[in-house]
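I have placed the structure first, in the form of structure tokens, so that the comments after it can refer back to it.
The values are calculated or read from the model by the stated rules, or taken from the named source; none is laboratory data. Remember, it's a predicted structure, so these values are computed and weren't measured experimentally. Glycine gets a Cβ as well: all are built from the backbone with ideal geometry, and neighbour counts include every protein chain shown.
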Amino acid sequence: MIVIYFLLLVFFLSFVGFLILPIGFLGLALTSLVDAPMQLYYMIAHPEVRKNHALEHATIHVLEQELPVKLSGISYPNGFLVQGIGDPFIVAQAAEVAKQRLLNGEHNLAVHPRCGTTSVVTSLVFAILFIVFSIIFGLFSWINLILSLILASLLGSVLSPIVQKYITTDWHVQDIELLQAEPIIRGWSSQGVFVHTKRSDVKWSIS
Ligand SMILES: [Zn+2]
């Protein structure tokens, strides 16, 4: 008797899962469809964040080439945070080198394979594919979900460097001044080093 109840429970749960899962993914797709373009638009509307983002990536590249570390970072209008390292002198030095190398033509330093742009692009591609495939195959089809997930992860990593290059970073950092590098400590643990930056005043000239 217990076995029958157990089988009924399994059957009921799989039926509910079958209904809830596609609806959950549809909700996720619709949210990404609004959220991802808004995040990309934020970068387009804030050139100083795009430049700090290029400097953040380039600094991380320089540090990872010199030290056995795997770092991450976050960019803001007034600077960028490098996480995974605590020494402000090393980070400040790397940031100077990064700026020079970017301006000397190493524009590929502005693109990083572990950038958050990849997850934004992947979620946007997933949203578009999931909605298109839902129309073609029906919302409750597994082909829809599996195809969208596989294609989104493949296209996401292919498109991310292009989106980084043209939307989320800008290597024209000649007008970005590197100020002090500040270690960020919360409690007993280091959160990384924040490199403060300032956008130099625009100098007008008439010739
Ligand atoms: Zn990034």
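Brief remarks follow.
- Residue count for the range 77-89 satisfying the condition of being crowded, with 18+ Cβ neighbours inside 10 Å and in a helix (DSSP H, G or I): 1.
- Residue check, residue 136 closer than 30 Å to residue 30 by Cβ and aliphatic (A, V, I, L, M): yes
- Sub-7 Å Cβ pairs linking a first residue in the range 58-75 that is in a helix (DSSP H, G or I) and modelled with pLDDT of 95 or more to a second residue that is within 14 Å of the ligand (Cβ to nearest atom) and among the hydroxyl-bearing types (Ser, Thr, Tyr), at least 6 apart or interchain, number zero.
- Failed criterion for residue 23 (all others in (1) more than 16 Å from the ligand (Cβ to nearest atom); (2) among the hydrophobic types (A, V, I, L, M, F, W, C); (3) within 18 Å of the chain's Cα centre (by Cα) hold): (3)
- Residues that are of a type in the set (Val, Ile, Thr) and in contact with a strand residue (DSSP E or B) (Cβ under 8 Å, 6 or more places away or on another chain) were ranked within the range 18-76; the one that is surrounded by the most Cβ atoms within 10 Å (Cβ to Cβ) is 59.
- Taking the range 43-76 as the range and being of a type outside the set (A, V, I, L, M, F, W, C) and more than 20 Å from residue 175 (Cβ to Cβ) as the test, the residues that pass are 61, 64, 65, 66, 68, 70, 72, 73.
- Condition broken by residue 150, with the remaining ones in (1) on the phi > 0 side of the Ramachandran plot; (2) modelled with pLDDT of 95 or more; (3) exposed (fewer than 15 other Cβ atoms within 10 Å of the Cβ) satisfied: (1)
- The set of residues from the range 114-143 being farther than 15 Å from residue 59 by Cβ, part of a loop (DSSP other than H, G, I, E, B) and under 11 Å from the mean Cα position of the chain (by Cα) comprises just one member, 116.
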